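Visitor: Quick one: this structure, given as structure tokens, is what I'll be asking you about.
The values are calculated or read from the model by the stated rules, or taken from the named source; none is laboratory data. Predicted, not measured: the structure shown is a model, and the values here were computed from it. Reconstructed Cβ throughout: ideal geometry from the backbone, glycine too, with neighbour counts over all protein chains shown.
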Amino acid sequence: MPFPTHLICTMSLALATQYASADQLLPAPPELQSGYRSGLQPVHATRHMVAAANPLASEAGRAMLRAGGSAIDAAIAMQMVLTLVEPQSSGIGGGGFILYWDGQRVQAYDGRETAPARVTEKLFLQPDGTPMPFRDAQIGGRSVGVPGVLRALKLAHDQHGKLPWSELFAPAIALARKGFPVSQRLHTLVAGDPFIAGSPAMARYFLDGQGRPLAVGTLLRNPELAQTFERIAAQGVDAFYTGDIAEAMVAQVRSHANAGQLSMQDLRQYQARERTPLCGPYKAWQVCGMPPPSSGGVAVLQTLGILDALQRSHPPRDLATMPPRITSSVAGLEPAPLAVHLIAEAERLAYADRAQYLADTDYVPVPLKALTAPAYLAERAKQVGDFSMKYARPGKPQGADLALAPDRSPLRISTSHLSAVDDSGQALAMTTSVEAAFGSHLMVRGFLLNNQLTDFSFIPQENGKPVANRVQPGKRPLSAMAPTLVFAPGSGELVASLGSPGGSQIIGYVNKALVGLLDWRLDPQQASNLPNFGSRNAGTEVEAGLTSQALIRQLAAWGHEVTPMPMTSGMQIIQRTATGWAGGADPRREGVALGD
């Protein structure tokens, strides 16, 4: 029986209000919940598979694979459809990170937004020197970074695409012109957003004649977006970064009451970057993730490295010996209390280092090798005991810049994730974002602009020390996105492609799924279903409605300050099987895995 949607939504709104009015150490979830789909089973395929956050996007990706396309071809088609059907989460007005496996090597493509050239580190400070309230910073042009996802997709397509660029836009163009039915999730997100009515373009598009959210099932057309896609399909990404589409973006940003600094020059000069992926061991497996400006790869590898060190030094702490128990909840499973304790403590240590050291490596020296070195992580693991440390302090890895101040900004982001494996075994994990739900609330030519600049630290300095993730011209804000690829011991063949949306909780969601797949031998759907939990170094969080009181009581007995809260992950997982591939999609959202 599905979890009652109206109860989840009511709970989400109440908790979001609670966290927004607190000290912001535990911020409101980036997206409200819209229900939990119980009874999902893994999807199996022998040739190829895609997994995305909306069925229409998954269908577009599968169509590309059926036409002989590569994993990147499928991803481009899926991203364009997501721009239309999941505008609250991602789109061409935002950015993203791509991990790509071509059968021989892993590549990392950075399509993160950049700060306009005219911004200063005081971008989000009020006249009295205090940081702006988040919503005051988010809504309008001030928060808009230079969109990067199209450049990253094009860079990857130039190297690995098989189908013509123009063909990849066809599914999204057709849907935009013919219309698609408003889903329960999109309706819920529109209904829960108090700022849509104040955005004329959004109000015309998302609300009916009486100012109410469009009803579920309403056919929603977006001819403006169809025209935008047609231009980009025919003329390439320069049609987006120059000409009248770019002029429209700049005009929207600079004419808003909360104006930003985006310029035509910023758009023309934007470049996606190919970076060196971060890969490291977890037990016998090899796990690869994104380097900065994403913190996801570092934090996931740190967490896994600390857990690995714990089981090496003290075998009873091996997570493989702590499988989840079967429950009567809609999730069907619940993690063991000791597993939650160990993972949450390891995450505390990783988040402490994240706040202290991580930022755009083009601007700040980040000791990546030292932060993920087994010896350093083994030393950090010694802090994990039988009781919660409650709050972890950053470590001192070799080569670290100790003149930096920790970033104490609230933790956020709204995102989407998609994965793909093609007929030749090439694979992709891509996480893509507009930051908060519906981004900056500026709608241009049928798509929404991001508010990614709010991922910078609002406070540039603390006690006279600069914050690594402070605002600087041209800089890319720190992210928690964690697209991940896993490789088998010995053979080195791909084991899994996965990732999730969920703001700063993404790291915990990916950790949970990796432990579920690798230690607990869950299938991709079970790993997605598993209740969420973890720590961002501010209490221990467990998923409200899916976590038993017995688990909460045991954690409290071990000194954890437990906060049940909505944890709206959106996990997509593709995993190798003996006969091909298995896929799982997060029951908390509306995505599906599809394959042949």
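Visitor: How many residues does segment 222-240 contain that are surrounded by 22 or more Cβ atoms within 10 Å (Cβ to Cβ), of a type outside the set (A, V, I, L, M, F, W, C) and assigned to a helix (DSSP H, G or I)?
Guide: Selection size over segment 222-240: 1.
Visitor: In addition: Just give me the residues in segment 300-337 being of a type outside the set (S, T, N, Q), surrounded by fewer than 16 Cβ atoms within 10 Å (Cβ to Cβ) and in a helix (DSSP H, G or I), in sequence order.
Guide: Scanning segment 300-337 gives Arg312, Pro315, Pro316, Ala320.
Visitor: Still on this structure, I have one more. Would you tally the residues in segment 487-504 being more than 15 Å from the chain's Cα centre (by Cα), at pLDDT 95 or above and either more than 18 Å from Asp102 (Cα to Cα) or surrounded by fewer than 24 Cβ atoms within 10 Å (Cβ to Cβ) (or both)?
Guide: Going through segment 487-504 one residue at a time, the tally reaches 5.
Visitor: A follow-up question, please. Please count how many residues of segment 94-126 are more than 21 Å from the chain's Cα centre (by Cα), in contact (Cβ under 8 Å) with a residue 40 or more places away in the chain and assigned to a loop (DSSP other than H, G, I, E, B).
Guide: Here the count works out to 11.
Visitor: Another question about this same structure. Is there any pair with a first residue in segment 166-183 that is without any contact (Cβ under 8 Å) to a residue 40 or more places away in the chain and a second that is β-branched (Val, Ile, Thr) whose Cβ atoms are under 9 Å apart and which are 6 or more apart or on different chains, and what are they?
Guide: Pro181/Val216; Pro181/Thr218; Val182/Val190; Val182/Val216; Val182/Thr218
Visitor: Additional query: For segment 133-184, what are the residues that are among the hydroxyl-bearing types (Ser, Thr, Tyr) and surrounded by 21 or more Cβ atoms within 10 Å (Cβ to Cβ)?
Guide: Once the filter is applied, which keeps residues that are among the hydroxyl-bearing types (Ser, Thr, Tyr) and surrounded by 21 or more Cβ atoms within 10 Å (Cβ to Cβ), segment 133-184 yields only Ser143.
Visitor: For segment 423-471, give me the residue count where each residue is in contact with a His (Cβ under 9 Å, 6 or more places away or on another chain), assigned to a loop (DSSP other than H, G, I, E, B) and surrounded by 24 or more Cβ atoms within 10 Å (Cβ to Cβ).
Guide: The total comes to 4.
Visitor: To continue, here is another question. Of all residues in segment 552-590, which are over 18 Å from Met430 (Cα atoms), buried (at least 23 other Cβ atoms within 10 Å of the Cβ) and basic (Lys, Arg)?
Guide: Residue satisfying the conditions is Arg588 alone.
Visitor: Another one. Taking helices (runs of 4 or more DSSP H) that fall entirely within segment 480-562, which contain at least 1 residues that are in contact with a Lys or Arg (Cβ under 9 Å, 6 or more places away or on another chain)?
Guide: Because the criterion is at least 1 residues that are in contact with a Lys or Arg (Cβ under 9 Å, 6 or more places away or on another chain), the helices (runs of 4 or more DSSP H) in segment 480-562 that meet it are 506-518, 524-529.
Visitor: If you scan segment 127-137, which residues turn out to be part of a loop (DSSP other than H, G, I, E, B) and of a type outside the set (A, V, I, L, M, F, W, C)?
Guide: Pro127, Asp128, Gly129, Thr130, Pro133
Visitor: Restricting the search to segment 427-462, which residues are farther than 24 Å from Pro291 by Cβ, charged (D, E, K, R) and in contact (Cβ under 8 Å) with a residue 60 or more places away in the chain?
Guide: If the condition is that a residue be farther than 24 Å from Pro291 by Cβ, charged (D, E, K, R) and in contact (Cβ under 8 Å) with a residue 60 or more places away in the chain, then Arg445 is the only one that fits.
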